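Here the structure comes first, spelled out in C-alpha cells, and everything after it is commentary.
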Amino acid sequence: MTRILDIALKDLTQLTRDFKTFMFLLLMPVLFTFLFGYAFGGFSGPSDSRLPVGYLDQDDTWLSHVLQDQLADSDIIRLDENETRTYPDLELLVANGDLAAVIIVPERYGATFLKGKNPRLIIIADTNTSAWTTIEAEVMATISRLDSAVRTATIMDEIDAERMPFGYAFEQSLDAWYEPPIAVHETTSSAVEATDDRLEALAHTAPGMMLQFAIAGLLTSAQVIVSERKSRTLQRLLTTAARRFDILLGHYLAIFSLIFTQFLVLMSFGQFILGVAYLRAPAASLLVAFCAALCISAMGLLIGVLARSEEQAVTFSLIPMFVLSGLGGAWVPLDVTGETFARIGHLSPVAWAMDGFKNITIRGFGLDSVLLPAAALSGYAVLFFVLAVWRLSAAEER
C-alpha cells in the first residue's frame with residue numbers, strides 16, 4: 001500500500017507543477033461553460049415570445065377598456081401601446097416588421113356593440129403571413145367572448161334587472177369563460193421540478209464541459225506514464241518488490257485524485273456561481289462524479305500504457321475527447337438527436353455521466369435515478385483498467 005501511495009504522490013507532484021494541468025482541468029471548462037451557456041441562452045433573461053401588436057383606442061369607453069384588458073391577458077399577442085402614435089406611424093411600424101399587426105378601436109365601437117349590432121375593428125396587418133392567421137384567431141376569440149357576455153347580460157337584465165343587473169351579469173358571464181364546467185389540467189409528477197430554459201441550458205453545458213476537459217486533461221497524466229517508460233523508470237520499478245499491479249494502481253490513484261478534485265471544484269462553481277442544482281441531491285451528485293472520475297482515470301491509464309511518445313499521448317487524449325464528448329451529448333443533448341443516435345451515443349461513457357447529472361439537476365430525481373449511470377461508468381472503469389493491465393503485461397513480455 002505504501003508503494004502505491006508513493007507512486008501516486010510522485011505523479012501528483014509532477015502533474016501539479018505543470019501550468020497546462022490547471023489550464024485544462026479548471027480554467028478551460030469554466031471558459032467553455034460560459035461560451036456554450038451563452039450560445040444556448042443560459043445567460044439571457046426571460047423573453048416574451050408573444051406577437052407584438054399595436055393598440056389604439058379611439059372609442060375610450062368601458063367596453064373598449066374591457067377589450068383592451070382581454071387582449072393584454074393573451075398568451076398569443078402582446079399589446080404595444082403608445083397613445084402618441086398616429087395612423088401613418090402604425091402603418092409604417094407594420095410595414096417595417098416592428099409590429100405584427102395593429103388593432104384600432106374606432107369611435108362608437110362600444111355603443112354599437114351594446115345595441116346588438118356587429119361593430120368592426122380596424123386592423124392593419126400583412127394578411128399573407130402566418131402571424132396574421134394566429135392574431136386573427138386570437139382577436140376573433142376575444143370578440144366572441146365579449147359578444148357572448150354582452151348578449152347573456154342583456155337577457156338576464158331583461159328577465160330580472162334587480163337580481164341580475166347588466167353589469168353584474170356581464171362580469172359573471174365573462175368570468176365563466178375562464179372557469180368552464182369541464183377543464184383539462186396537465187399535471188407533472190411531484191418528483192420533477194420545473195426548470196426554466198436558462199438554468200436548463202447551464203445544467204447541460206456545465207457537466208458537459210466538465211467531462212470533456214477531464215478527458216482532455218488526460219494528455220498530461222498520460223505523458224507522465226510515457227515519460228516514465230522512456231526514461232526506463234518503469235523497467236527499474238519492475239525489478240523491485242513493486243508489483244506491476246501496484247505500479248498501475250499508483251498511477252491510477254494519482255489521475256483519479258486529480259480528476260475527482262477537478263469535479264468537486266467545478267461542481268461547486270456550477271452550484272454557487274451558475275445556479276446548477278447539484279446540491280438538490282448531494283449524495284447522487286457525488287456518486288456520479290466519483291464513478292465518472294473512476295472511468296476517465298482508467299481511460300487515462302490505458303492511454304498512458306498505449307502511447308509510445310508524448311505526441312501519441314496527445315493524440316490518444318484529444319481524439320477520445322472529441323469523439324466521446326460529441327457522441328455522448330456533451331455538446332448537444334441526446335434528447336433532441338433522435339432515438340437511434342441516442343442509443344449509439346450511449347456507447348460513450350460521457351452519455352451515462354450526462355444522464356446522471358441531468359437526472360439530478362434538470363429532472364429533479366434522486367439517488368435511485370443515478371444508480372444505472374453509475375453502474376455503467378463503473379463497468380467502463382473496470383474495462384479500461386483491465387485493458388491497461390493486459391496491455392502493459394503484453395508489452396513487458398516482448
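The values are calculated or read from the model by the stated rules, or taken from the named source; none is laboratory data. Bear in mind that the values here come from a model prediction, so they are computed numbers and not experimental data. Note that we place each Cβ from the backbone using ideal geometry, even for glycine, and neighbour counts take in every protein chain shown.
Scoring G45 on the criteria (1) modelled with pLDDT of 80 or more; (2) in a loop (DSSP other than H, G, I, E, B); (3) loosely packed, with under 15 Cβ neighbours inside 10 Å; (4) of a type in the set (G, A, S) leaves a single failure, condition (1). Restricting S285, S317, S257, S309 to residues that are in the same structural domain as D6 (by TED's automatic domain parsing), polar (S, T, N, Q), crowded, with 20+ Cβ neighbours inside 10 Å and closer than 22 Å to L219 by Cα narrows the list to S317. One residue stands out in region 318-356 among those that are assigned to a helix (DSSP H, G or I) and of a type in the set (V, I, T): the one that is nearest to S285 (Cα to Cα), namely V350. Check I225, I215, I255, I247 and return the single one that is under 23 Å from V336 (Cβ atoms), modelled with pLDDT of 75 or more and either more than 20 Å from the chain's Cα centre (by Cα) or of a type in the set (A, V, I, L, M) (or both). On inspection, the qualifying residue turns out to be I215. Among the conditions (1) at pLDDT 70 or above; (2) in a helix (DSSP H, G or I); (3) surrounded by fewer than 17 Cβ atoms within 10 Å (Cβ to Cβ), the only one that M23 does not satisfy is (1). Looking across G304, G345, G338, one residue alone is in the same structural domain as A388 (by TED's automatic domain parsing), modelled with pLDDT under 85 and either out of contact with any His (no Cβ under 8 Å at 6 or more places or on another chain) or buried (at least 19 other Cβ atoms within 10 Å of the Cβ) (or both). It is G338.
Go through region 73-124 and report how many residues are part of a loop (DSSP other than H, G, I, E, B), surrounded by 16 or more Cβ atoms within 10 Å (Cβ to Cβ) and touching a residue at least 40 places away in the same chain (Cβ under 8 Å). Final tally of qualifying residues: 4. Is it the case, given these coordinates, that I362 is in the same structural domain as P29 (by TED's automatic domain parsing) and in contact with a Ser or Thr (Cβ under 7 Å, 6 or more places away or on another chain)? Yes; evaluated as a whole, the condition is true for this residue. Per this entry, T13 is counted among residues that are assigned by TED's automatic domain parsing to the domain that holds L219 and at pLDDT below 85.
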